[in-house]
Amino acid sequence: MNGNYVLVRCTAAGVHVGILVSRNGQEVHLREARRLWYWRVPCGAPAFLSGVATHGLGEQCKVGAPVEIILTEACEVIACTDQAADSIANYPSHRRSV
């Protein structure tokens, strides 16, 4: 899966989506990674993480700005469809109102 857009669920760090650089056991290195704080899927698709990996994001999601990250407690890695990758990569970053 190296080089592909993936969704990673971690035991303590939440959910991240980005381009897989490498994976070694539970350690996952992502670039252009975005943390999903809160998500909805479009068109009533299943709101499970597999639904996000398949369909992308709907309205009213909370998504972090892209970063490079090494996650150390990954418990699930799901390949994303091109549609989902495009949806997530282009979703506006959450900005805290002042």
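Scanning the stretch 60-79 for residues that are without any contact (Cβ under 8 Å) to a residue 40 or more places away in the chain, assigned to a loop (DSSP other than H, G, I, E, B), surrounded by fewer than 19 Cβ atoms within 10 Å (Cβ to Cβ) and not aliphatic (A, V, I, L, M) gives 60, 64. Of the set (1) at pLDDT 95 or above; (2) in contact with a Leu (Cβ under 8 Å, 6 or more places away or on another chain); (3) small (Gly, Ala, Ser), all apply to residue 13 but (1).
The rows are residues; the columns are (1) modelled with pLDDT of 95 or more; (2) more than 12 Å from the chain's Cα centre (by Cα); (3) closer than 19 Å to residue 10 by Cα.
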| position | (1), (2), (3) |
| --- | --- |
| 47 | no, yes, yes |
| 80 | yes, no, yes |
| 88 | yes, no, yes |
| 97 | no, yes, no |
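Residues in the stretch 1-12 that are loosely packed, with under 15 Cβ neighbours inside 10 Å and over 17 Å from residue 84 (Cβ atoms): 2, 11, 12. Residue count for the stretch 14-59 under the criterion of being assigned to a loop (DSSP other than H, G, I, E, B), touching a Lys or Arg at 6+ places or on another chain (Cβ under 9 Å) and exposed (fewer than 15 other Cβ atoms within 10 Å of the Cβ): the result is 2. Pairing each residue of the stretch 23-48 that is on the phi > 0 side of the Ramachandran plot with any residue that is acidic (Asp, Glu) and at pLDDT 90 or above, provided the two are 6+ apart or on different chains, yields C-beta distances under 9 Å for 32/68.
The values are calculated or read from the model by the stated rules, or taken from the named source; none is laboratory data. None of the values given here were measured: they were computed from a predicted structure. Don't worry about glycine lacking a Cβ; one is built from the backbone with ideal geometry, like all the others, and counts go over all protein chains shown.
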